[in-house]
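Report on the following structure.
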Amino acid sequence: KIKTFSIGFENKLYDEAIFAKKVSAILGTDHHEFYISQNDALNVIPYISDIYDEPFADSSQIPTIILSKLTRQFVKVALSGDGGDEIFGGYNRYIWFETIYKYTKWINYDIRRIISEKSKFIGSNFSNKVINSIESISPKTRINNFANKLLKLTEIIDYRDINDLYEKIISIIYDVKQCSNQSFQTTKEENNYFGKFNENFSSLMAIDTLTYLPDDILVKVDRAAMSVGLETRIPFLDKRIIDFAWSLPVNMKINKKNKKLILKKILSRYIPNELIERPKQGFGIPLSNWLRGPLKNWAEDLLSIDCLNKYSYLDVDYVRNIWEDHLKGKRNNQYLLWNVLMFQSWMENSKF
């Protein structure tokens with residue numbers, strides 16, 4: 001039997017292990033599932049800078065490292081499904097991009113900028129109070145991370161052009177000067193993706209295939225797996241599959257709000273639709289709560305005024321503000337904080 005492996009979380013908002021187990025039962029695989037705790041994450045974090053050898057800050061690296069370690073107990077080579085989102089159109093941001101561009105491109109930039117500035121006064125704290133009120137009245141109502149999505153939208157709609165829109169959607173912090181001090185200069189060149197591509201889903205998939213896939217996803221999986229001696233193979237990146245995927249019309253990949261259509265159609269031959277047509281989840285962890293709980297002391301050490309001043313790259317006041325806002329629940333800054341923490345951790349452990 002084919003061996004399959006899955007990670008589960010005690011926090012049900014992040015746990016997809018139960019669905020993996022159901023799929024395994026239908027396919028008849030030799031299934032192994034592991035539930036990880038906060039302590040498992042704490043045990044991994046000290047080694048992250050050594051495993052990646054650079055300030056790499058995709059927080060799903062934590063469960064990926066743990067899953068690789070557990071999988072290595074049973075096999076030496078494992079298959080990963082990475083690449084499917086990029087070549088078959090699986091990311092939610094593709095829908096976001098088209099919707100935002102479609103309904104805002106006709107609005108003058110100066111007007112959109114004013115709308116963006118005014119909208120930010122709503123504030124995530126107010127938004128969270130509204131959502132909490134709705135959920136208390138109707139307990140079955142859940143609007144996932146509504147406040148952060150609302151604030152993200154207010155930051156996006158003041159895009160200058162189509163390239164700027166893409167950059168804003170994919171960026172955790174769009175203007176790096178917000179968190180850096182004056183002595184820190186970026187070397188990033190101005191991107192003109194859409195000078196090469198058209199304004200459609202295929203362009204977004206092409207850009208992600210050339211950037212996000214090799215610079216984030218493949219780095220994350222390969223280094224996590226090789227740190228424990230596990231070889232990984234990526235079937236979706238077989239040249240024949242990529243050639244086939246790019247020969248397909250885009251409406252066989254994305255249609256309205258439905259994504260990865262052709263893959264779902266193939267899966268429906270073997271798996272019930274209720275296990276296929278589910279909201280997309282990344283390989284996430286409850287990082288926001290962990291930073292306020294078991295990771296708080298570790299984070300506070302790296303985000304202390306003394307530690308931030310030691311390297312002089314980051315704006316101390318800005319970093320302290322986003323950290324304190326996160327601790328007070330004013331805004332969920334988990335991803336931005338993780339970027340800073342991985343940079344600080346790497347600097348602390350650097351041999352240079």
Checklist outcome for this item: Residues whose built amide H sits under 5 Å from the amide H of ALA78, excluding neighbours closer than 5 in sequence, are GLU231, THR232, ARG233
Checklist outcome for this item: For the stretch 1-119, dividing by residue count, accessible area per residue (probe 1.4 Å) in Å² works out to 54
Item to check | Mean shadow area of the stretch 1-123 over all directions, Cα convex hull, nm² | outcome: 12.3
Checklist entry - Once the Cα gyration tensor of the stretch 1-66 is found, what semi-axes does its equivalent ellipsoid get, as square roots of 5 times the eigenvalues, in whole Å, sorted largest first? => result 27, 14, 9
Item to check | Computed over the stretch 258-352: relative contact order in percent, which uses C-alpha pairs under 8 Å that are six or more apart | outcome: 23
Checklist entry - What whole-number value in cubic angstrom gives the convex hull volume per residue for the C-alpha atoms of the stretch 74-114? => result 111
Checklist entry - Equivalent-ellipsoid semi-axes (√(5λ), Cα gyration tensor) for the stretch 201-352, whole Å, largest first? => result 39, 20, 16
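With every protein chain left in place, what is the accessible area per residue of the stretch 237-280 in square angstrom, probe 1.4 Å?
74
The values are calculated or read from the model by the stated rules, or taken from the named source; none is laboratory data. Everything quoted here is computed from the prediction, not taken from an experiment. Ligands, DNA and RNA are stripped out before the accessible areas are found, and what is left, the full protein with its side chains, is counted by its heavy atoms. Shrake-Rupley method; radii C 1.70, N 1.55, O 1.52, S 1.80 Å.
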